[in-house]
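What follows is one structure encoded as structure tokens, with my remarks underneath.
The values are calculated or read from the model by the stated rules, or taken from the named source; none is laboratory data. Since the model is a prediction, treat every value here as computed from it, not as a measurement. So basically every Cβ, Gly included, is an ideal-geometry build from the backbone, and we count neighbours across all protein chains shown.
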Amino acid sequence: MSSPARDAQKETPYEYSGTSSDSRSLLFRLLLPATGASAVVLLKIIKTGTTTVLQYAGDLPASLRKIIAGETVLAADRAQNSEGSFRGQFSEDWSFLGCPVPPHHDSRTNQFLVALYPAGKSLHSAAHSALQDVAGQIAGQPEHHGKSSLPDREESLHVLHQFIERTGKLSRRAVFSLIHLNLDHLSLINERYGWDTADLILAEMICRLKAVLPEGCFLSSVGGGHFMVLTPPGTTAVTTRSLVNAILKISSTPVSLDMGAIPFSISAGWSVYPQDAEDANQLILAARAALTEANRTGGGHERRASAELTNAYAITSNLEQDLLKAVEGDALFLKWMPIVDTASQKIVGHEALLRWTRPGHGEVAPNLFIRYAEEVGMIEALDSWSLRNACQAALHWPIPLRVCVNVSPVWLVNERLAALVDAVLTETGLAPERLQIELSECRPFGPSDIAFRELSRVRALGVRLAIDDFGAGYSSLERLRIYPLDQIKLDRAFVQYLGEDMRADEIMYAILSLARSLNITCCAKGVETEHQMAILDANGCEEVQGYLLGTPIRDSHVPHLAQA
């Protein structure tokens, strides 16, 4: 039986878009003085405007990296003059002169040789002739130049469909896997070492990949430092994991370049057909979801797809627009968790828990959409909504209990938390002493001097401050030493094993003792049994919350919510 991977690699010629050390580099360097340009670049642009830098000399402007740059070149090419060249502007600061590179007989994309120069500056009179001469030489050169040859995204999808079709005709045991790889921190490598160096690292990575992939594997580049590997039919999940581990190990040796040895790492997400998905798009989605999870842990890791990861990833698709609509509309709402004084067994406050009902998806897990909001820079909008609505709701309680609101520590770095709190208190009329701002220890606080300054401003308003999820993050003791805190809220992970794990008991005793010596109160989260409650009460934990004492409720106006 013929292999779809071997068939595809034999029938279709490909060229990897990386810089080379051949005579073309010299041509590009000579073009700079010949044209008077600041940079000369060879671009590969597909019809959607997506742009790949194949080779360049000089300093490339940041505006070239935006997708609109490709669209601008394509538009200028369509309006080119009779001499076959075209002009345009990438931005207010950068202009360009370009000409198309005559295509090879099998080319599927457009290539352009472009000279970039500051707007208002004039190029040499013979600039367009020089560009056209070099474009003609590029077109007349052989396809490979010793570079790695890889299929692109379009060919990858075609071969994937072939794999599914042929595997479907075999026994159910004839599974195969899709492995989605990426070079970690590619944008950082670009910024630190330059695009040409990043391309050399990618080229070396491809060479090493080819050395470890078994016969029958299909390797392709899907853009942006991402690659796809299809394993031969019959490759089990166990064998795939071994292959993935071998792939990750190719980064154990740095890439040796003229500037020195540059380390790199690879992340991988993989899915198995048909266990994880039964069609091409879902198989790709599952592997991409697994890769996203691997990247979330810092890179250099692998993850296999699962239904949970795939569903979570699918939910985050177009999540930003839906979140924006939720803030402007009424899709967000608060649930309230009672906080109980252990000595009197009375409710002393309520914690506002942000929730979201997404149209077409139902209620979204808070850790999912809040984490996403932090990643895309929307968390401040959510926090502002929570704070305003929580303070407004507390005004309707028959008893003036404390209202606790979670906010992201990103407010500290921007030094905008105190201003927000002051504005909300003024707007709602809530007494400052009734409000407690809680910041999760699982998030970085930024520079300690800036965080201290901003927390001190909030504290000066008369508002209480608490560290949430204490013990689940990092730098716990340092934060207790530096910041003006009123309370620490113990993570449920400590409470869960009280009375069952001696170490958990000892850690809890030590935390409570430390808090008392610092004149900071403690609130234990996740209390679910009378035994846990008794241990906390006996050891001086002032407040508790959990399902034993009350589940979160949505309605903030019913009388029993604020019952003391």
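When you go through (1) modelled with pLDDT of 90 or more; (2) buried (at least 17 other Cβ atoms within 10 Å of the Cβ); (3) within 36 Å of the chain's Cα centre (by Cα); (4) not β-branched (Val, Ile, Thr) one by one for Asp469, which number turns out not to apply? Going through the list (1) modelled with pLDDT of 90 or more; (2) buried (at least 17 other Cβ atoms within 10 Å of the Cβ); (3) within 36 Å of the chain's Cα centre (by Cα); (4) not β-branched (Val, Ile, Thr), Asp469 breaks only (1). Counting residues in the range 229-242 that are outside the structural domain of Val53 (by TED's automatic domain parsing), under 27 Å from Gly194 (Cα atoms) and surrounded by fewer than 21 Cβ atoms within 10 Å (Cβ to Cβ) gives zero. Contact map, the range 424-445: residues that are under 11 Å from Leu461 (Cα atoms) paired with residues that are of a type in the set (Val, Ile, Thr) and not in a helix (DSSP H, G or I), Cβ distance under 8 Å, separation 6+ or inter-chain. Pairs shown: Leu425/Val463; Pro432/Val463; Glu433/Val463; Leu435/Val403; Leu435/Val405; Leu435/Val463. For the range 366-389, a residue qualifies if it is in a helix (DSSP H, G or I) and of a type in the set (A, V, I, L, M, F, W, C), and the qualifying residues are Leu368, Phe369, Ile370, Ala373, Val376, Ile379, Ala381, Leu382, Trp385, Leu387. In the set (1) out of contact with any strand residue (DSSP E or B) (no Cβ under 8 Å at 6 or more places or on another chain); (2) under 19 Å from Met337 (Cβ atoms), the condition left unmet by Gly362 is number (2). The test for being among the acidic types (Asp, Glu) and assigned to a helix (DSSP H, G or I) holds for Glu293. Within the range 491-503, the set of residues being modelled with pLDDT of 85 or more and of a type in the set (A, V, I, L, M) comprises Val495, Leu498, Met502. Pairs needed: first member in the range 109-133, more than 15 Å from Pro33 (Cβ to Cβ); second member anywhere, basic (Lys, Arg); C-beta distance under 7 Å; at least 6 residues apart or different chains. These pairs meet every condition: Thr109/Lys44; Gln111/Lys44. So which residues in the range 505-547 are hydroxyl-bearing (Ser, Thr, Tyr) and either touching a Gly at 6+ places or on another chain (Cβ under 7 Å) or surrounded by 15 or more Cβ atoms within 10 Å (Cβ to Cβ) (or both), if there are any at all? Listed by number, the residues that qualify are Thr521, Thr529. For the range 200-227, filtered to residues that are out of contact with any strand residue (DSSP E or B) (no Cβ under 8 Å at 6 or more places or on another chain) and more than 17 Å from Leu178 (Cα to Cα), the residue that is surrounded by the fewest Cβ atoms within 10 Å (Cβ to Cβ) is Ala211.
Taken over the range 418-435, the criterion of being in a loop (DSSP other than H, G, I, E, B) and crowded, with 18+ Cβ neighbours inside 10 Å is satisfied by Leu430 alone. Any residue at all in the range 436-447 that is within 19 Å of Trp336 (Cα to Cα), surrounded by fewer than 16 Cβ atoms within 10 Å (Cβ to Cβ) and either of a type outside the set (A, V, I, L, M, F, W, C) or touching a His at 6+ places or on another chain (Cβ under 7 Å) (or both)? Checking the range 436-447: not a single residue is within 19 Å of Trp336 (Cα to Cα), surrounded by fewer than 16 Cβ atoms within 10 Å (Cβ to Cβ) and either of a type outside the set (A, V, I, L, M, F, W, C) or touching a His at 6+ places or on another chain (Cβ under 7 Å) (or both). Residues that are among the β-branched types (Val, Ile, Thr) and surrounded by fewer than 16 Cβ atoms within 10 Å (Cβ to Cβ) within the range 243-282 comprise just one, Thr253. Look at Ile450 and say whether it is among the aliphatic types (A, V, I, L, M), over 24 Å from Met378 (Cβ atoms), assigned by TED's automatic domain parsing to the domain that holds Ile370 and touching a helix residue (DSSP H, G or I) at 6+ places or on another chain (Cβ under 7 Å). No; evaluated as a whole, the condition is false for this residue. Of the listed requirements (1) farther than 19 Å from Gly223 by Cα; (2) at pLDDT 85 or above, His105 misses just one: (2). Inside the range 207-263, counting only strands (runs of 3 or more DSSP E) that do not spill past its ends, which hold 3 or more residues that are touching a residue at least 12 places away in the same chain (Cβ under 8 Å) and at negative phi? It comes to 218-223, 226-230. From the list Asp330, Asp341, the one residue that fits, being among the charged types (D, E, K, R) and touching a strand residue (DSSP E or B) at 6+ places or on another chain (Cβ under 7 Å), is Asp341. Restricting attention to the range 315-348, the residues that are touching a residue at least 60 places away in the same chain (Cβ under 8 Å) and either hydrophobic (A, V, I, L, M, F, W, C) or farther than 15 Å from Glu543 by Cβ (or both) total 10. Are any residues in the range 398-411 touching a residue at least 40 places away in the same chain (Cβ under 8 Å) and touching a Leu at 6+ places or on another chain (Cβ under 7 Å), and if so, which ones? Those that are touching a residue at least 40 places away in the same chain (Cβ under 8 Å) and touching a Leu at 6+ places or on another chain (Cβ under 7 Å): Val403, Val405, Pro409, Trp411.
From the list Thr236, Thr253, Thr292, Thr240, which one is touching a Ser or Thr at 6+ places or on another chain (Cβ under 9 Å) and under 27 Å from Ile189 (Cα atoms)? Reasoning before the result, please.
Details: Thr236 fails: under 27 Å from Ile189 (Cα atoms); Thr253 fails: touching a Ser or Thr at 6+ places or on another chain (Cβ under 9 Å); Thr240 fails: under 27 Å from Ile189 (Cα atoms).
Checking each option against the conditions leaves just Thr292.
Does Leu43 satisfy the condition of being within 30 Å of Phe218 (Cα to Cα), at pLDDT 75 or above and surrounded by 18 or more Cβ atoms within 10 Å (Cβ to Cβ)? The answer is yes for Leu43. When Thr529 is tested against (1) of a type in the set (Val, Ile, Thr); (2) at pLDDT below 90; (3) more than 30 Å from Gln392 (Cβ to Cβ), just one condition goes unmet, and that condition is (2).
Return a yes/no flag: does the range 323-333 have any residue that is part of a strand (DSSP E or B) and at pLDDT below 95. Talk me through it step by step, then tell me what you get.
Initial filter on the range 323-333 (part of a strand (DSSP E or B)): 332-333.
Next, only the ones that are at pLDDT below 95 stay: 332-333.
Within the range 323-333 (the criterion being part of a strand (DSSP E or B) and at pLDDT below 95), the answer is yes, since at least one residue qualifies.
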